1. What are the residues in segment 85-120 that are in contact (Cβ under 8 Å) with a residue 60 or more places away in the chain and surrounded by fewer than 16 Cβ atoms within 10 Å (Cβ to Cβ), if any?
2. Which residue is nearest to the chain's Cα centre (by Cα), if the candidates are limited to segment 129-154 and must be within 16 Å of residue 90 (Cβ to Cβ) and surrounded by fewer than 16 Cβ atoms within 10 Å (Cβ to Cβ)?
3. Residue 64: surrounded by 11 or more Cβ atoms within 10 Å (Cβ to Cβ), more than 20 Å from residue 128 (Cα to Cα) and over 14 Å from the mean Cα position of the chain (by Cα), yes or no?
């Protein structure tokens with residue numbers, strides 16, 4: 001399935017689309033308090049002001065892939081089943097790029113673990129295990145914390161420009 005929140009909504013809106021009784025979304029958390037930590041949430045829905053939803057749609061159509069945007073946009077269009085969960089790994093903002101570069105540079109695992117502060121292989125295993133458990137049993141096996149619209153991290157504007165360097169260019 002596509003990662004785009006808009007495409008996911010459209011797929012579920014298609015006539016004849018499979019509508020599962022339970023869905024588990026897996027990805028990176030919107031915030032990071034402890035690198036590599038896995039958190040599981042049961043989506044409880046809710047509403048946000050129109051402008052807040054529109055900010056999430058704007059991010060989605062410009063290519064930002066974000067679980068919380070997917071949850072809120074899906075909520076707005078009524079696509080989620082009664083059982084909707086997320087399994088999220090907490091990653092500092094630069095972690096994905098660091099991991100890609102480590103692979104490209106053939107940097108050994110211990111060096112990468114020291115740099116990012118957790119073992120990505122172990123985190124991926126825990127992520128997969130928790131997602132599989134939820135997909136099979138729902139939250140019957142363990143208590144799952146609730147996450148609703150009011151619990152989402154606010155959308156950070158990416159209309160910020162940072163100028164680096166102080167050298168001024170003269171035009172002739």
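1. Once the filter is applied, which keeps residues that are in contact (Cβ under 8 Å) with a residue 60 or more places away in the chain and surrounded by fewer than 16 Cβ atoms within 10 Å (Cβ to Cβ), segment 85-120 yields 92, 93, 96, 117, 119.
2. 153
3. no
Since every read-out is calculated from the coordinates, none of them should be taken as a lab result. The structure displayed is predicted, hence computed values, not measured ones. Here the Cβ is made from the backbone with ideal geometry for all residues, glycine too, and neighbour counts use every protein chain on show.
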